[in-house]
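Read the structure below first, then the notes.
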Amino acid sequence: VQIRELLFQNWSVLLHTLIVSALSFVVLVALLRFFGKKMLLTTSAGSFAMTVALGNALATAALDESIGLAETTTGFATLMALQWVLFKLTSRSKWLEGMTRSYAAVVFFEGKLLPEAMRLQRVAPDDIYATIRQYGYPELEQVGAVVFESSGKLSVIPHSEDGKYPVLEAMLKEAKQ
Amino acid sequence: MTEAVTQMFFGGWQGIFHAAVIGGLAYVGFIVLLHFFGKAMLMETSAASLVMTTALGSGLASIVLVEKISLVEGLAGFAMIMALQTAFIWASAHSAKFKRLLREPPTLVYFHGRFFERIMRQNGLTRADIYAAMRESGLTNENDVGAVVFESNGALTAIRRSPTGVYSALRHVQDFPPTGLSTETDPFSQLPHR
């Protein structure tokens, strides 16, 4: 009997999975359209986790019979509404912006690791080299800089022939001080 | 039957309250904890950090929807995952042994037209996987590819062929340089970073 239960519980659970997952998916897409694609923006802290949370909530709703569509919808809406409020507030308050997006920092510049910045940001050399490879660079000399973004992602900027890095100017000024 | 159908759409006000209030507070708590522990929590460059980041997102979903998880339990879970992550980062920065334990070093699976079949077999990789990695990097011609590396986080990365023959970005990769290298120059002899 137990083995049977593991393989197949009953029709109501199956029905729940089919109907609730389909409807939850429709609700999720509708809410995403309503709140906008910035909900899935992964450039600020927490937003990657947010994307994972939305996907996971969908899975939980589909499989847990005790969770109804109303709860799932409320859950999606709560997460997105808070994210939306956070976006609104951070665009108005410098203090909150600093709270939610720790500033981006240069951790590798023109062939050299920057140990001080790496220690502060807790980035290991392996993280930096792995990201440079991910961008397809064979040679460290071809890399201008590696930036640890506020989203926790590392981005790689190619070496500039004239030694100018307009996208980095503000950060480099900060690093020198 | 009607009860089962109702359940499908509405499981009681308690669940709604939980999703709206506890879910909301959990989100705020999550952002505060993330600020406290730092954005390094969201890094994905090793298998351990990738799993941790995913676990955080999954945890957030569970607090919102699963009624039996309280706010304090959920936040304690976040704090625990982030504290562990911080401890791992600290330990691997201070002990090479610990680092090896947590971060399987990257390995070379392809270099200048040669597939390293033994290592590929050990890791369950096929040539199709390696070609997929090349395509993903937009390298359609095999001659444009210098190397393919199986990274610590389980990703395959294709590296462009170096016009100078220098592969300094590969210096932490296991089995590099490969024995019997076909290029005339020893890649390591030109390294300024040795």
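The residues of segment B:81-92 that are of a type in the set (Gly, Ala, Ser) and under 17 Å from B:ALA47 (Cβ atoms), listed by number, are B:ALA87, B:ALA91, B:SER92.
For segment B:6-27, residues that are facing chain A (nearest Cβ under 7 Å) and assigned to a helix (DSSP H, G or I) total 10.
Going through (1) touching a residue at least 40 places away in the same chain (Cβ under 8 Å); (2) within 8 Å of chain A (Cβ to nearest Cβ); (3) in contact with a helix residue (DSSP H, G or I) (Cβ under 7 Å, 6 or more places away or on another chain) one by one, B:ILE31 falls short only on (1). Annotation note: Cβ proximity below 7 Å between a residue of segment B:148-172 that is at the interface with another protein chain (Cβ under 7 Å from one of its Cβ atoms) and a residue that is of a type in the set (Lys, Arg) and not in a helix (DSSP H, G or I) (sequence gap 6+ or interchain) occurs for B:SER152/B:ARG103.
Residues in segment B:106-159 that are in contact with a strand residue (DSSP E or B) (Cβ under 8 Å, 6 or more places away or on another chain), more than 13 Å from B:LEU170 (Cα to Cα) and aromatic (Phe, Trp, Tyr): B:PHE115, B:PHE116.
Total residues in segment B:82-98 satisfying the condition of being crowded, with 19+ Cβ neighbours inside 10 Å and either more than 19 Å from A:MET118 (Cα to Cα) or among the hydrophobic types (A, V, I, L, M, F, W, C) (or both): the figure is 3. For segment B:60-89, a residue qualifies if it is more than 8 Å from every other protein chain (Cβ to nearest Cβ) and not hydrophobic (A, V, I, L, M, F, W, C), and the qualifying residues are B:LYS68, B:SER70, B:GLU73, B:GLY74, B:GLY77, B:GLN85.
Criterion first (within 15 Å of B:VAL28 (Cα to Cα) and either within 7 Å of chain B (Cβ to nearest Cβ) or modelled with pLDDT of 85 or more (or both)) does A:ALA45 satisfy it? Judged against the criteria, A:ALA45 is a match. Screening the candidates A:LEU82, A:LEU154, A:LEU140 for the property of being surrounded by 18 or more Cβ atoms within 10 Å (Cβ to Cβ), under 30 Å from B:GLN174 (Cα atoms) and facing another protein chain (nearest Cβ under 7 Å) yields one hit, A:LEU140.
Of the numbered criteria (1) within 26 Å of A:PHE76 (Cα to Cα); (2) more than 8 Å from every other protein chain (Cβ to nearest Cβ); (3) among the charged types (D, E, K, R), the one B:GLU44 fails is (2). Please indicate, with yes or no, whether at least one residue in segment B:101-120 is within 30 Å of B:GLY29 (Cβ to Cβ), of a type outside the set (Lys, Arg) and out of contact with any Leu (no Cβ under 7 Å at 6 or more places or on another chain). Yes.
If the condition is being part of a strand (DSSP E or B) and either within 20 Å of B:VAL51 (Cα to Cα) or small (Gly, Ala, Ser) (or both), then segment B:108-148 contributes B:GLY146, B:ALA147.
Which residue is nearest to B:ALA155 (Cα to Cα), if the candidates are limited to segment A:120-146 and must be small (Gly, Ala, Ser) and in a loop (DSSP other than H, G, I, E, B)? Residue satisfying both the conditions and the ranking: A:GLY136. Residue pairs whose Cβ atoms lie under 6 Å apart, separated by 6 or more positions or on different chains, with the first residue in segment B:76-97 and in contact (Cβ under 8 Å) with a residue 40 or more places away in the chain and the second surrounded by 14 or more Cβ atoms within 10 Å (Cβ to Cβ) and of a type in the set (D, E, K, R), are B:ILE89/A:ARG122.
The values are calculated or read from the model by the stated rules, or taken from the named source; none is laboratory data. Keep in mind that this is a model prediction, so the values were computed, not measured. All Cβ positions, even for glycine, are placed from backbone atoms using ideal geometry, and neighbour counts span all protein chains on display.
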